[in-house]
Ligand SMILES: NC(=O)c1ccc[n+]([C@@H]2O[C@H](COP(=O)([O-])OP(=O)(O)OC[C@H]3O[C@@H](n4cnc5c(N)ncnc54)[C@H](O)[C@@H]3O)[C@@H](O)[C@H]2O)c1
C-alpha cells in the first residue's frame, strides 16, 4: 500500500517534491497546503487527486497521512515540526529546520526523543558524485584526507528578492557546503576565519569565504556567493569540490546538467560523467519510504542535528565576517537592475516562482 503524504508549501521546492512523489509508486500525495491562492490553484492542476488546503491542520488531523513534507519557509517550520510530532507523522523537512539557532536546537531535541522518522533535505549527501568521491577516499587511494576545498558561486537569488527568513546566502545556500565539508571530514569544526563582502551596498554579505580546521586536523575552505555575473550577457557559474589527500586528489565540477568526477589515486585514475541529479529529492524520499516500510531508519537519512550544526556554523561565519572589515563594493542601482532582470527572466539561476508559474 502506498504511503500517504501531505505537502506543506507549494513554492519552488514544493513543486520539485510533488514531481518526485508522483514518480515514486511508494507514495500517494493526499494533501497540498499553501497560504497563497495562486499556489493552491497550481497545486490543484498538478495534483488533481490531492486535497488542496490553505490551513495545514487537516493534513495532521488525518490519521491516514503518514508523512509530511515541510517545504514552506524557515519561519513556520518549528510550529509544523512540533505539530507533526504531536500527531506522530514521519517528517521530511526542508532546511533549515527552524528560523533561529535556539529553535533549531530545540527541534533537534524534539527529534532525538521522537519514535517516528524525521529527516532534513541536506541534498548533497544524497548526490552520486559526493558518495562516489567518499568511497574513493575510503579506499585509501588518496592517502590521508588533508584538505577540503568547496566552492559554489552562481548568479542566483539576489538580495531582497525573497527568502528573508533563511538569512543571507551563506546561510540559505551555504549551509549545504558547510554540511558537506563536515560530512567528508567526519569531524566537528574547530576554527574559522571568514571574509565577506557587501556587494551593491546591500546590508549583508552576498559572498563569503571562510577557512579553518576540523578537530581532527583536516583543513577546509568554503566559498559561496550569488554575486557571479548577474548582469553578464550569458550567465555562468563556478561550482566544485577539491579534495586533497597526502597522496592523491579527487575533485568534482558540474554544469547543473552533468557532473564530472575526477579521481587521481595512487593506483587508479578515473573520470566519470553522469547526469547531475538536481536536488536528489527522489533519493531522499525513496530512502524514507524504505525506512518506513522496514521500520529501520536508514543511515542515509540526514539528521536534524546535522542541519542545526551546519546552520549554526553558517550564522557564526556571517558574524565572523562582520568583524573582518566587510567592505562594500557597488551600489543599489546595479542591484535594482539585477532584480529587474531576474524578475523578467524565464530561465535563470534559482528564480523564485512567480506563484502561477512552474519554474525550474
Ligand atoms: N534543500 C535544498 O537544496 C533547498 C533548495 C532551495 C530551497 N530550500 C529550502 O526550501 C524551503 C522552500 O524554498 P522555496 O525556494 O521553495 O521557497 P518559495 O518561496 O518558492 O516557496 C515557499 C512556499 O511556502 C508557502 N508558505 C509560506 N508559509 C506557509 C505556511 N505557513 N503554510 C503553507 N505554505 C506556506 C509560500 O506561499 C510559498 O509558496 C526554504 O526553507 C528553503 O531554504 C532548500
ask   = Within segment 321-355, how many residues turn out to be away from the ligand (no atom under 16 Å from the Cβ) and at positive phi?
value = 3
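Which residue is surrounded by the fewest Cβ atoms within 10 Å (Cβ to Cβ), if the candidates are limited to segment 36-53 and must be part of a loop (DSSP other than H, G, I, E, B) and touching a strand residue (DSSP E or B) at 6+ places or on another chain (Cβ under 7 Å)? Before the answer, list the steps.
Pass one, segment 36-53, residues part of a loop (DSSP other than H, G, I, E, B): 36, 47-50.
From what's left, touching a strand residue (DSSP E or B) at 6+ places or on another chain (Cβ under 7 Å): 47, 50.
Numbers: 47: 19, 50: 22.
Among residues in segment 36-53 that are part of a loop (DSSP other than H, G, I, E, B) and touching a strand residue (DSSP E or B) at 6+ places or on another chain (Cβ under 7 Å), the one surrounded by the fewest Cβ atoms within 10 Å (Cβ to Cβ) is 47.
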query = Pick from segment 70-106 the residues that are more than 13 Å from residue 307 (Cα to Cα) and in a loop (DSSP other than H, G, I, E, B): which of them is farthest from the ligand (Cβ to nearest atom)?
reply = 88
request  = For segment 51-66, enumerate the residues that are in contact (Cβ under 8 Å) with a residue 40 or more places away in the chain and farther than 11 Å from residue 8 by Cα.
outcome  = 62, 64, 65, 66
request  = Give, as residue ranges, the strands (runs of 3 or more DSSP E) completely inside segment 214-258 that count at least 2 residues that are touching a residue at least 12 places away in the same chain (Cβ under 8 Å) and farther than 24 Å from residue 271 by Cβ.
outcome  = 219-225
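Of all residues in segment 1-35 being surrounded by fewer than 16 Cβ atoms within 10 Å (Cβ to Cβ) and within 16 Å of the ligand (Cβ to nearest atom), which is nearest to residue 287 (Cα to Cα)?
19
Can you tell me which residues in segment 169-188 are away from the ligand (no atom under 14 Å from the Cβ) and touching a strand residue (DSSP E or B) at 6+ places or on another chain (Cβ under 6 Å)? Can you show your working first?
Let us first name the residues in segment 169-188 that are away from the ligand (no atom under 14 Å from the Cβ), namely 181-188.
Answer for segment 169-188, where residues must be away from the ligand (no atom under 14 Å from the Cβ) and touching a strand residue (DSSP E or B) at 6+ places or on another chain (Cβ under 6 Å): 181, 184, 185, 187.
Quick grid of which residues meet (1) over 25 Å from residue 344 (Cβ atoms); (2) over 19 Å from the mean Cα position of the chain (by Cα); (3) outside any strand (DSSP E or B); (4) outside the structural domain of residue 223 (by TED's automatic domain parsing):
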site: 142; (1), (2), (3), (4): yes, yes, yes, no
site: 160; (1), (2), (3), (4): no, yes, yes, no
site: 181; (1), (2), (3), (4): yes, no, yes, no
site: 194; (1), (2), (3), (4): yes, yes, no, no
site: 202; (1), (2), (3), (4): no, yes, yes, no
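The values are calculated or read from the model by the stated rules, or taken from the named source; none is laboratory data. Since we're looking at a predicted model, the values are computed, not measured. As a convention, Cβ positions derive from the backbone with ideal geometry for all residues, glycine included, and neighbour counts pool all protein chains shown.
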